[in-house]
Number of protein chains: 2
Amino acid sequence: MQSFETAYGTSPASLFQALLRPDKSKMSAAVQRTPGGKPAPGAGALLRFRNNQMIFNEGDEANYFYMVVSGRVRLCKMRYDGRRQIVDLMIPGDIFGFEYGTEHTFTAEAIGKTVLDSYSCRPIERLSEERLDVRRDLMTMLHHNLSSVRNHMVLLGRETARERVATFLATLAIRFRITGRGVMDLGMGRRDIADYLGLALETVCRELSGLRHAGLIEILDHRRIAVLDMAALQSISEGLQQRRPG
Amino acid sequence: MQSFETAYGTSPASLFQALLRPDKSKMSAAVQRTPGGKPAPGAGALLRFRNNQMIFNEGDEANYFYMVVSGRVRLCKMRYDGRRQIVDLMIPGDIFGFEYGTEHTFTAEAIGKTVLDSYSCRPIERLSEERLDVRRDLMTMLHHNLSSVRNHMVLLGRETARERVATFLATLAIRFRITGRGVMDLGMGRRDIADYLGLALETVCRELSGLRHAGLIEILDHRRIAVLDMAALQSISEGLQQRRPG
DNA sequence: CGGTCTGTTGAACGCGCTCAAGACTGGTGG
DNA sequence: CCACCAGTCTTGAGCGCGTTCAACAGACCG
């Protein structure tokens, strides 16, 4: 079974291993990594956030970017009437908030108790002007973000509720390096899942119950879910399950 | 009234004016621009596409990128069962297909008769290693794409059908530099609009009819729409119209 | 142990979808 | 030039998925 303490996101962290290499880096805020690969506080300032605490707001000046050490972070867009869309979810190891422009284009909030490593944007911008590999990593990170966000657009535009929840679970499992069976800590409530998947909170509950009754998952407690049949989850996620008979 | 011949996309074209500056550029494939700002064929190879013709497929090796000279291009993702989500729409002046990675992460297809200017990726990658301003423009373009795609996620996840169609029209009008009243050529059919907005084709028809009956637009023919009340369109787009009484 | 927040389940509604028919458009060949 | 035809658009009718509203159960925390 996967340990949550050592689990961390695929996305930009691995890319940034080179970027933030302490030995070669001239940047003072270099990230130190423990042998196990677990993200650990580096020379950047460690910040602690409580549940639902705002990290930065859409429109704020972008002077810092962050790496998740523990907890979860939601990147979201709000509308005046309270409707909310989570555009990305950050898990330990993920990096967010780096803008080449001047201000943040989304709001970032902590989900649960969250620890972040924060870095000033300027040094890395300067570094990227000196070093080719740093530039490549920044570009790769941006492209990776763009690609994953586009995949999520297909989910929001063209998937059924059941498919969305299955995709969410399968994708999260992969990010946590769970291949077959395994337990994972969602680290967030139904409200956040719903706003990420573009569904009502109650629909998320119902679909999770449905997947449980189908024997694909087990709901250990509100936050922790055991994946029992990853293949079936992925099958539903890809729409191979009873859609359009014939 | 806006002339379609001189209209071109806001997004990356203006950013790339500096990038592809012919005088300073060492790249042979420099874009020449007419005084009016209209995108014109440069030293890049001119390619002509017929309606629905594939430009490149998801997974294809990414050796070229393109600028739209005339026509429209859809960037889309397909699912096995035929469901389709258009992740971005390109209008004249827009640039697409530049990947810092190795392969394209989406499919590109021409909508209607379309002319593209094509450029090899390598020269610009080399150029970006020499010139700071080129790097900045590439980064800015990527960030712009990321930001606009995230805005579209809010539409797909949290907007009503009426709001989506109003947002579509208002956004397109702005891209065509229409401020108050004006006529614009959508350049695409209802099917494409539907797949861009995550709706059924019939729903797009109904909502367009609704906006017409409300006096906000006029449908001149299948492709051309006159915007009569831009403010009202934007008001609906932002959800300020009768949602949640009280 | 009480209070509040979160999750679950049921019932009913309604938005947007599906299915279907008809109108319109644009392109083609006689 | 017009007749034809295929493709696209429009509108109607009915349905169903996911939402809303509501009640209750469970979990967490002081």
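The values are calculated or read from the model by the stated rules, or taken from the named source; none is laboratory data. Model, not experiment: these values are computed from the prediction. For neighbour counting, all protein chains shown are included, and Cβ atoms are generated from backbone atoms with ideal geometry for every residue, glycine included. Surface accessibility is based on the protein's heavy atoms, side chains included, excluding ligands, DNA and RNA. Shrake-Rupley method; radii C 1.70, N 1.55, O 1.52, S 1.80 Å.
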* **Buried accessible area, chains B and A (both chains, 1.4 Å probe, Å² to nearest 100)** => 4400 Å²
* Asked: To the nearest whole number, what is the average tally of beta carbon atoms from other chains within 10 Å of the beta carbons of peptide A:85-92?
  -> 3
* Structure fact -> At q = 0.21, 0.23, 0.30 Å⁻¹, the log10 of I(q)/I(0) for the stretch A:114-168 from a Debye sum over equal Cα scatterers comes to -0.83, -0.88, -1.08
* **Computed label-point distance, nm, for sites A:CYS121 and B:ARG224 using a 7 Å Cα→Cβ extension** => 4.3 nm
* Which three semi-axes in whole Å describe the equivalent ellipsoid of the stretch B:96-246, each the square root of 5 times a Cα gyration tensor eigenvalue, listed largest first? -> 34, 18, 15
* In peptide B:135-143, how many Cβ atoms from other protein chains are near each Cβ within 10 Å, on average? -> 5
* Percent of C-alpha pairs per 10 Å bin, the stretch B:159-237, short to long -> 20, 61, 18
* For the stretch B:150-236, accessible area per residue (1.4 Å probe, heavy atoms of protein chains only), Å² -> 38 Å²
* Asked: Averaged over B:125-133, how many beta carbons belonging to a partner chain fall within 10 Å of each residue's beta carbon?
  -> 1
* Structure fact -> Sorted by chain and then number, the residues having a modelled amide H within less than 5 Å of the amide H of B:ARG72, at least 5 places away or on another chain, are B:ILE111
* Given label points at 7 Å from Cα along Cα→Cβ, what nm distances, shortest first, separate B:ASN63 from the same residue in every other copy? -> 4.9
* Relative to the other copies, what are the label-point distances for A:LEU220, with labels 7 Å from Cα along the C-beta vector, expressed in nm at one decimal and sorted shortest first? -> 6.3
* Using θ = phi - 60° and the Karplus form 6.51 cos²θ - 1.76 cosθ + 1.60, what ³J(HN,Hα) does each residue of the stretch A:65-77 get, whole Hz, x for Gly and Pro? -> 10, 9, 10, 6, 8, 8, x, 9, 9, 9, 9, 9, 10
* Structure fact -> Dividing the alpha-carbon radius of gyration of the stretch A:41-140 by 2.2 N^0.38 Å, where N counts its residues, gives 1.10
* Structure fact -> Sorting from shortest, the nanometre distances separating the label point of A:ILE174 (7 Å past Cα along the line to Cβ) from those of the same residue in the other copies are 3.3
